[in-house]
Amino acid sequence: MKPSEISSDVSPEVLLRGREITRRWGGLLALNGVSLDLARGSVHAVIGTNGAGKSTLINILSGEIPPSSGSVELLGQEVTGWTQPRRARLGLGRSYQRNTIYPSFSVFENCRLAAQAATQKPWQWWRSAQHCDASLSAAHDAASRAGLNDLLDRPAGLLSHGQKRQLEIAMCLATAPQVLLLDEPLAGMGAEETERMLALLAELKPGHAILLVEHDMDAVFRIAERITVMVNGAVIASDTPAGIRSNPQVQAAYLGDH
Amino acid sequence: MKPSSEFILEASCIHAWYGSSHVLHGIDLAIGRGETIGLLGRNGMGKSTLIRTLLGHVTQRDGRITLFGQDTSRARPHEVARLGVAYVPEGRGVFPNLSVRENLIMAARRGRDGRNDWSYGRVLETFPRLKERLSNLGAQLSGGEQQMLSIGRALMTHPDLIILDEATEGLAPLIVLDIWNVISAIRASGIATLIVDRDYRKVLTQADRALVLQKGQVVLQGNADEVAGSPALADYLGV
Amino acid sequence: MNHSKTLFVLLAFAGLALYPLMAGNYGIDLVTKMMVYAIFALSLELLVGTTGLICFGQAAFFGIGAYAAVLLPAQTDAPSLLWLLPACVLAAALYALAVGALSLRTKGAYFIMVTLAFAQMAYYVVHDTPLGGGTDGIYLTLKPVLGTLIDLDKPLVLYGFTLLMLVGVFGFLALLARSRFGRALAGIRVNEQRMRATGFSTYPYKLAAFVISGGIAGLAGFLFAVKDGFVNPEMMSWHLSGAVLIMIILGGLGHLRGALVGAFAFALLQEFFKSEAVFGDFARHWHLGLGLSIIASVVLLPRGLVGLPGQLRARLVGRSNLQGVRHEAV
Amino acid sequence: MDLSIFLIQCLNALQYGLLLFLVASGLTLIFGIMGVINLAHGSFYMIGAYMAYALAPVVGSTFGGGFFATLAVGVVLAVLLGYVLEWAFFSFLYEREHLQQVLMTYGLILVFEELRSLLVGDEVHGVEVPAFLAGTLPLGELMTYPVYRLFVSGVCLVLALGMYLIFTRTRLGMMIRAGSTNREMVQSLGIDIKFLYRVVFAAGLGVAVLAGMVAAPVSSVYPGMGDSVLIICFVIVVIGGIGSIRGALLAALLIGFVDTFGKVFLPQAAGVLVYVLMALILLWKPDGLFKAG
Amino acid sequence: QAPAKLKVGLMLPYTGTYAALGTAIENGFKQYVAEQGGKLGGREIEFVKVDDESDPSKATDNVNKLIKRDNVDVLIGSVHSGVAMAMAKVAKDTGTLLIVPNAGADAVTGAMCAQNIFRSSFSNWQPGYAMGEVVAKKGHKKVVTITWKYAAGDESVRGFKEAFEKGGGKVVKELSVPFPNVEFQALLTEIAATRPDAVYTFFAGGGAVKFVKDYAGAGLKKSIPLYGAGFLTDGTLEAQGLDADGLLTTLHYADALGTPRDTSFRLAYAKAYKQQPDVYAVQGYDAAQMLGVGLAAVKGDTSKKAEFADALHKAKIDSPRGPFTISRFNNPVQDIYLRQVAGKENKLVGVASKALTDPGRGCRL
Ligand SMILES: Nc1ncnc2c1ncn2[C@@H]1O[C@H](COP(=O)(O)OP(=O)(O)OP(=O)(O)O)[C@@H](O)[C@H]1O
Ligand SMILES: Nc1ncnc2c1ncn2[C@@H]1O[C@H](COP(=O)(O)OP(=O)(O)OP(=O)(O)O)[C@@H](O)[C@H]1O
Ligand SMILES: [Mg+2]
Ligand SMILES: [Mg+2]
């Protein structure tokens, strides 16, 4: 669905809901009863110490790994038992903290393939993939939003690190998701690209529910409506930016003098 | 600035290619003993390429590089590293199939002057988070934990020059603070550093000198405060 | 595919179509065999080159197609192509479905070995049980026909039919490669995790590729059995699975042309080094020549035989363009 | 089956398993640890067996003979060969598509097999058990057990333990394992990866040849012998979990037991049992028994 | 004007496990041709060779190469039974003359038999049957058999069992090892547990070497006599060493027959090829003799198949192994010798079965 088609509601509509999510890795309790709601039209930031379980949370919400216990609800449906692709098709998009691209494909093909997920039609084996206008335009759109217009024909593996980070976002956008789970999208991006990214997030905000995991506090405080702070697998605070900034526990555990 | 005789690394007229694309166009760079250099520039301008060229990873290169008085223009990467250069690559380069402990001790090496102060224990003290995950494989670490491991591993080689490419990427603010403190400590102990970091303000406060790259060329360089004060800086960094 | 490559393929098929005009009996036989191997290689190319699934048990599907061609028809009447060919393809595809459903749970080298395991199971079934004549093999007495139109007992008819099948399979796979299905398979090869994250259920895709590949291998097996009129457990042995893998690597992975070129090159190299006319008594040591030329091809042709023109062009232009990540034109 | 027979069968299974590990040990290094898909492993093993046959008289006349002298000379030659082979045929392959290694090692199989035919001929040969290990021990009422088989088991255990310690406990082992995932970073730590890998490859070949030499008196020496062990070696390394020496040892023992008791209890299916076992294990544990380490 | 040369296609293994056998057969064949001045049936002989790699899946192509490309008049081959089966099929379809110089698959002169398909060696059934008679006569009652699980082994054991049980014995257990597995320890223990009076076995090549050594190593040789089809100790004695000493086997040839025919053959062979001949060389030699006899009868015209076959059925082949005739199924009717290993030779003990003829089951000639 295109963002423009969604009327911005007044009452916040919860698109993704995680309930009491727990995950163990052997003896390690990576997530301990974490609950959170993502509403349409808002950016919900999750911050926390390294190894707090933020990426694990995204992995569970997106279905990449199963939780040890807890449940996930997407667009009003219970999806805990769903596979990742199925959730993705329902409208969940994610980016990875470590680049997860198709290095041997061109930048454009990276985006196009992501966009193709919406119109897969694998049985149409006689029709060329390049003739599907819907995915072509979605791919162009995503690439230009992420600022990759000049690099469309470059093999993705030959991009610089920061450019790969941009591509990571573009691929997430190309699937036109309603819920975006972004794992450190700003990491590795230069100042200019950071600005562009923040502008993009602001632009996406109205129609989407966005979960933003980020260590760039300036950015987080600029854009998030709500911030959840995690330490060692547990949520220690969840509040507005102002509330978080003044929370002494958060300062001690995470922010320092920020 | 240090006198030129104390340069531990001197590079002149560096060119580099990836296949047929010409990425670096004649870069000059010198690093003095114990000096901290900041390397700035937007995404894709050639910062990492410059570093990888100095380290000998980019094979299609041209120009002259001397390290500690030795010509390393055509040296192989391990020879460069053995001269006392440590590298924290972007994307971390943690060995996924080795445990944290193994990642660290496989790298341990005395410094050129026999220094042995960055012991296994000291690294773990600096990054207590790693201590809890010693027997985990590299692949099982969180992004930030990997970053810590990569820095710790570099320190264990007791380098005279340490090159940090986006070393704070993905680290929590408190740890970033720690890292900058470690960098200061490293600098204080006489180790030279070459830093690439997206937080250019922090780089400019830490560094003695800075270079700004644009399309594979140095477009601005000088003492850190000069660079910080330059009106062109914002343009080159796109802010 | 750009124009010169299309032209190459068209010329190759045209050459094959004209070949019988100037070839003798044996030549026709030989090229029929090569075309069968080419079909077989194409089936594996779909898995290895396109989808990145290295199957080391392809001979099982080949063998099942072949044994089906012998065991299914009643031995009294010449069976009709109309049902026998689909039946053989289906038999192989069904086994591929079972094998794929299970082995696709594993990855990488583990997948290689699981496919080998299932192939070996099929091998031992025909090797150790009387079904299909045990180790001695079994004969196909009556070759399939299609009315009075096609009688595969005639070498020339078989040649034409095999060529038709080859062109058909090649065309099918070429279309497939550029379709959405094919692009999804390529995406799975390059980064399956990202495919899943963007919404592709990769397992059914891979399974479909596996079944199609098994079916095509079964077709090749069917043709082989018809050509020889004799099947033997060795048609399912890992040596054959290995040989067909060697063909596609030799030809160049990631290109359908590669399978074609590889299958022909492998067979021709063997013929060449076995030829007493050239090597005299030393021909009995033909493995040496074959081995050395394979080694030479690895050293000199990093992208297989199909990469040769590109390499030559790069040599002419000057700077080598081979470094770094493989670039696929899309 | 009465108890004593059962125990003897267990001993057979154990001994066969250890022998299998011995045969696969070179592959655990070159494929398991270095990650090179080495189809030529069987050829290396074959070279070892033929060395045991062909070297003994030569070593006898130059050094005054001796079983261990022959072993030593063989291993030294093998390591040299491995060093040269890696330099000439493998050093440039690591950066390429992995399947190129398949092609290369396939070519090597053909060449080695033909060189063997040209140099030593196509006959079957036996290799004498050295005199001091030639005895037998009584076993049950009818049977005896050759001392040499015990010796082979001992060599295998020592080898397994040595390899395990080197790869898990030493920095050398860690460097080698690291090299299989990120060569560039290993170099950045001041390690000459090219040299290191050349040495490991040579060691792998040395171990394969040692296995061939030690096993030769038991297995005898014949054309095509490498071919017949190749697949089982891959099965062992993969079932055990690629990169795990413990796993390989366990897998070899498991196969020893399945094969031994399979032949007795399920003779109709004895051939296929190993593969059924492999399929079951990998479907149950898609990464092998031990992931790594 | 001299008649055109006769093209003889040798399809034999020159690489792989059976390479040595292929060479011996070729040598034997060529020796006879040389003795005849390079001519058989008045026609000069020209050879065309193909390496069959002992691979049945390539066999049809290889035969076709000889028949269609090289237009051979006669086919000679091969060692591996599966390959021979494929050859027989093509020979039957095309009517090309085929002489099998080794492969013992019963079907070649059984179900697959044809007017133009001959064998100069043996059927798997023959040595097995002969040994069954011998073992029964020795008074053994309980016997265990052990072989590779493949057609040749099964056929040999079947022959043994037929004669042995006819003679009043009982095969109490039939053990088998998957081909080409050579780990026998488990089954040796099984044999010890069964405690038979004797063991009958069929192995060849590397497997034979290993089996004999393991049998001795397990201490069974002392307590349970081992009997085998001759390949157990043919071409393998050097490798088997002392462990083979005293073993009794049956085959249509033995090392020191001492007949003038054999002695002259052996001398000539050793002189020509610098090595001792073995049973494979004899089979190759006799294949050439059979061809010679047939060709002489048809004056070199290979298209006269009936006459060719007739001549052979009437002939007595003067083989180094001793004279033999050809059965109407085209398999040799020959004496099967009982041999004992002594000093690295298969010494003649006596005739195990006189003029033994293969029943040719399934043959409709
Ligand atoms: N596969 C795994 N096996 C074992 N432990 C794991 C695994 N994956 C993650 N962990 C551990 O779980 C914890 C949480 O990891 P996670 O990646 O979610 O952290 P994070 O909050 O994203 O941290 P960062 O900000 O550093 O990226 C870490 O301590 C990590 O070591
Ligand atoms: N392996 C490669 N092959 C070809 N081109 C490459 C390769 N790596 C990088 N490039 C290209 O070289 C240019 C410089 O890349 P480099 O990685 O040095 O940039 P950077 O300044 O480090 O950027 P970032 O801040 O994003 O890491 C980029 O345009 C990039 O696309
Ligand atoms: Mg994370
Ligand atoms: Mg960079």
inquiry  = For a test of the definition: using alpha carbon positions, the gyration tensor, and the 1.5 limit on a/c, classify segment C:71-230 as rounded, prolate or oblate.
reply    = oblate
task = At a probe radius of 1.4 Å, figure out the E/D buried accessible area, summed over both chains, and give it in Å² to the nearest 100.
result = 3000 Å²
ask   = How far is helix E:260-273 tilted, in degrees, relative to the longest principal axis of the Cα atoms in chain E, given as a value from 0 to 90 rounded to the nearest 10?
value = 80 degrees
task = May I ask you to find the residues of segment B:163-206 that are shielded by at least 40 Å² of accessible area once the whole protein assembly is considered instead of their isolated chain (probe 1.4 Å)?
result = B:169, B:170, B:172, B:173, B:174, B:198
ask   = For residue B:202, what accessible area in Å² do you get when you roll a 1.4 Å probe over the heavy atoms of the protein chains, rounding to the nearest 10?
value = 60 Å²
query = Among the DSSP beta bridges whose two residues both lie in the protein assembly as shown, what percent are antiparallel, rounded to the nearest 5?
reply = 50 percent
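Which of E:161/E:347; C:33/E:68; C:143/E:305; E:89/E:149 have a Cα-Cα distance over 22 Å? Please list the in-between numbers first.
Details: E:161/E:347 25 Å; C:33/E:68 14 Å; C:143/E:305 26 Å; E:89/E:149 24 Å.
From E:161/E:347; C:33/E:68; C:143/E:305; E:89/E:149, over 22 Å: E:161/E:347; C:143/E:305; E:89/E:149.
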message = Using a 10 Å cut-off around each Cβ of peptide A:53-61, what is the average number of partner chain Cβ atoms that fall inside?
response = 1
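Mind ordering B:67-74, D:275-282 by average Cβ neighbours within 10 Å, highest first? Please list the in-between numbers first.
Details: B:67-74: 14.9, D:275-282: 21.0.
Per-residue Cβ counts within 10 Å, averaged per peptide and sorted highest first, yield D:275-282, B:67-74.
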222 nm mean residue ellipticity, helices alone, for chain B (DSSP H n ≥ 4; -39,500 (n - 2.57); rounded to 500) = -9000 deg cm²/dmol
note = One finds the C-alpha centres of segment A:111-186 and segment A:15-68 to be spaced, in Å, by 26 Å
task = Measure off 7 Å from each Cα along the Cα-to-Cβ vector at residue E:270 and residue C:207, then give the distance between these two points in nanometres to one decimal.
result = 7.0 nm
ask   = For residue A:19, what charge total do you get from the other residues with a beta carbon under 11 Å from its beta carbon, if Lys and Arg give +1 and Asp and Glu give -1?
value = -3
query = Ignoring ligands, DNA and RNA, how do A:218, E:73 rank by accessible area with a 1.4 Å probe, largest first?
reply = A:218, E:73
ask   = DSSP beta bridges in segment B:4-229, what fraction antiparallel, as a percent rounded to 5?
value = 60 percent
message = Taking the solvent-accessible surface of protein heavy atoms with a 1.4 Å probe, what is the per residue accessible area of the protein assembly as shown in Å²?
response = 35 Å²
Fraction of beta bridges assigned by DSSP in chain A that are antiparallel (%, nearest 5) = 55 percent
ask   = Rounded to the nearest 500 deg cm²/dmol, what is the calculated helix-only ellipticity per residue at 222 nm for chain E, with -39500 (n - 2.57) per DSSP H run of length n ≥ 4?
value = -12000 deg cm²/dmol
inquiry  = With just the Cα atoms defining each centre, how far is segment C:215-271 from segment D:1-41? Give it in Å.
reply    = 32 Å
request  = Would you mind checking which residues have amide H under 5 Å from residue E:149's amide H? H placed 1.01 Å from N; only 5 or more apart, or other chain.
outcome  = E:177, E:179
³J(HN,Hα), Karplus 6.51/-1.76/1.60, whole Hz, each residue of segment A:220-228, x for Gly, Pro = 4, 5, 6, 10, 7, 7, 9, 10, 10
query = Could you state the number of Å between the C-alpha centres of segment E:280-357 and segment D:191-216?
reply = 52 Å
inquiry  = Spelling out what I want: for every residue of segment C:130-137, take phi, set θ = phi - 60°, compute 6.51 cos²θ - 1.76 cosθ + 1.60 (Karplus), and round to whole Hz; glycine and proline get x.
reply    = x, 4, x, x, x, 5, 6, x
inquiry  = Between residue D:132 and residue B:112, what's the calculated FRET efficiency when r is the beta-carbon distance and R0 is 51 Å? Round to 0.05.
reply    = 0.45
task = Report in % the part of the accessible area of segment B:4-229 that belongs to carbon and sulfur, leaving out ligands and nucleic acids; probe 1.4 Å.
result = 47 percent
task = Quick one: what are the phi-derived ³J(HN,Hα) couplings along segment B:105-120, Karplus 6.51/-1.76/1.60 with θ = phi - 60°, whole Hz, x for glycine and proline?
result = 6, 5, 8, 3, 7, 6, x, 5, 9, x, 4, 8, 7, 8, 6, 3
task = Check cross-link reach from residue E:5 to the aspartates and glutamates: straight Cα distance under 15 Å, and skip same-chain residues fewer than eight apart.
result = E:44, E:46, E:70, E:73, E:301
ask   = All other residues with a Cβ under 15 Å from the Cβ of residue D:214 taken together, and with Lys, Arg as +1 and Asp, Glu as -1, what is their net charge?
value = 0
ask   = To the nearest 100 Å², how much accessible surface do chains E and C cover up together, summed over both, with a 1.4 Å probe?
value = 2700 Å²
request  = With springs only between Cα atoms under 10 Å apart, run a GNM on chain C and tell me which of C:173, C:308, C:53 wobbles the most.
outcome  = C:308
MRE, 222 nm, helices only [DSSP H, n ≥ 4, -39500 (n - 2.57), over chain A, to nearest 500] = -9000 deg cm²/dmol
query = In the Gaussian network model of chain C, springs joining C-alpha atoms below 10 Å, which of C:152, C:21, C:268 carries the largest mean-square fluctuation?
reply = C:21
request  = Assuming a ≥ b ≥ c are the square roots of the Cα gyration tensor eigenvalues, decide whether chain D counts as rounded (a/c under 1.5), prolate (otherwise, with a/b larger than b/c) or oblate.
outcome  = oblate
request  = Identify the chymotrypsin sites (Phe, Trp or Tyr not before Pro) of segment A:112-148 meeting these criteria: DSSP loop state and at most 14 other C-beta atoms within 10 Å of the C-beta.
outcome  = A:123, A:126
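Pull out a ≥ b ≥ c, the square roots of the eigenvalues of the alpha-carbon gyration tensor of segment A:78-126, then state rounded if a/c is under 1.5, prolate if not and a/b is larger than b/c, and oblate in the remaining case.
oblate
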key: R0 of 22 Å, Cβ-Cβ distance residue A:119-residue A:73: FRET efficiency to nearest 0.05   = 0.25
request  = Please report the buried accessible area for the interface of A with C, total over both chains, probe 1.4 Å, in Å² to the nearest 100.
outcome  = 3100 Å²
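The values are calculated or read from the model by the stated rules, or taken from the named source; none is laboratory data. This structure is a prediction, so every number in the text was calculated from the model and none was measured. No Cβ is skipped: glycine too gets one built from the backbone with ideal geometry, and neighbour counts run over all protein chains shown. We work out accessible area using only protein heavy atoms, side chains counted, and drop any ligands, DNA or RNA first. Shrake-Rupley method; radii C 1.70, N 1.55, O 1.52, S 1.80 Å.
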